[in-house]
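Below is one structure; the comments refer to it alone.
The values are calculated or read from the model by the stated rules, or taken from the named source; none is laboratory data. Computed from a predicted model, the values in this text were never measured in an experiment. In this analysis, Cβ positions are derived from the backbone assuming ideal geometry, glycine residues included, and neighbour counts consider all displayed protein chains. Accessible surface areas use protein heavy atoms only, side chains included; no ligands, DNA or RNA. Shrake-Rupley method; radii C 1.70, N 1.55, O 1.52, S 1.80 Å.
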Amino acid sequence: MRILIVEDETELADGLEAILSRENYSVDVVSDGESGLDYILSKMYDLVILDIMLPKMNGIDILKATRKEGIDTPIILLTARSQLSDKIEGLDSGADDYITKPFDAQELLARIRARTRVPGSASTDELSFGDIVLSKHQQQLSCGERLVKLGNKEYQLMECLMINSSRIMPKDMLITKVWGPLDATEYNNLEVYISFLRKKLRFIKASVQIVTTKNVGYSLEVCDNG
Ligand code: CA
């Protein structure tokens, strides 16, 4: 999953990025409000962590503008402990949750998991489709007893396909979800990573396949290998 951090305190932003990256989230950081809103409006994020006091545009105005555009990406506000009015105004303006600074990393992670839980999945650590299970913490894919480790991009790609398993994912959407807006050099690698994943699916003898729909994108399907 891809998370956007909008925070102008460099140390805090770096700390957050490190915590989230360790948990296998893809993370982008921006440090002013205007850029923050631009990034949120791109709709490529699964969750946003938004500071309130920001240069150029404050977090509350960003929230209001985002919801006015009909974008329902989960947003967790970062607030100072004393500012109760900020919390109330934030929730009234469409924030899903808030966390007060200084915060506990485990608490923040729990709140993120709660806000990004995939409907119908029993565990926050695992996604399943057909006979395969993707484990977030171990970053591995398994089918029965057989399992295989995934690299970071392979994991992000598989997660995106599994979360959206009922539909065909357009190539450009997969690219922005997995590589983000800041890493354009890797754009040609999608096909390469899809082929890595196909090899790994064969290796664990999964009945799930990645199907290509020409000029549209990729989707997961359960195939009867007979
Ligand atoms: Ca700030």
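Excluding ligands, DNA and RNA, the accessible surface per residue across the chain is 50 Å² with a 1.4 Å probe. Using a probe radius of 1.4 angstrom, the carbon and sulfur fraction of the accessible surface of the chain is 49%. Using the Cβ-Cβ distance between Lys101 and Asp32 with R0 = 25 Å, the FRET efficiency computed as 1/(1 + (r/R0)^6) comes to roughly 0.85.
Which of rounded, prolate or oblate describes segment 2-115 when judged by the alpha-carbon gyration tensor and an a/c cut-off of 1.5? Here segment 2-115 falls in the rounded category.
Distance check, please: which entries in Lys149/Lys177; Lys149/Lys199; Lys43/Lys214; Lys43/Lys200; Lys136/Lys205; Lys43/Lys171 exceed 18 angstrom between their Cα atoms? Correct reply: Lys149/Lys177; Lys43/Lys214; Lys43/Lys200; Lys136/Lys205. For the pair Arg146 and Lys43, a Förster radius of 30 Å applied to the C-beta separation gives a FRET efficiency near 0.25, rounded to the nearest 0.05.
Note: the chain, Cα convex hull, 129 Å³ per residue. Can you give me the relative contact order of segment 1-144 as a percent, contacts being Cα pairs under 8 Å and 6 or more apart? RCO, segment 1-144: 18 percent. Largest accessible area first, the residues Arg2, Arg198 order themselves as Arg198, Arg2 under a 1.4 Å probe with ligands, DNA and RNA left out. Beta bridges per DSSP, both residues in the chain: antiparallel share near 50 percent. Please work out the C-alpha center-to-center distance from segment 76-116 to segment 21-66 and express it in whole Å. Here the two parts' Cα centres lie 14 Å apart.
From its DSSP helices (H runs of at least four residues, each -39,500 (n - 2.57)), the chain gives a residue-normalised ellipticity at 222 nm of -12000 deg cm²/dmol. The modelled label-to-label distance between Cys223 and Ala80, using points 7 Å beyond Cα along the C-beta direction, is 5.9 nm. These residues, Arg167, Arg202, go from largest to smallest accessible area, 1.4 Å probe, as Arg202, Arg167. Simple spin-label estimate for Ile168 and Asn215 gives 1.0 nm between the two label positions (7 Å along the Cα-to-Cβ direction from each Cα). Placing R0 at 35 angstrom, the Cβ-Cβ distance between Ala114 and Lys56 gives a FRET efficiency of 0.70 after rounding to 0.05. Largest first, the residues Ile19, Ile204, Ile88 sort by 1.4 Å accessible area into Ile88, Ile19, Ile204.
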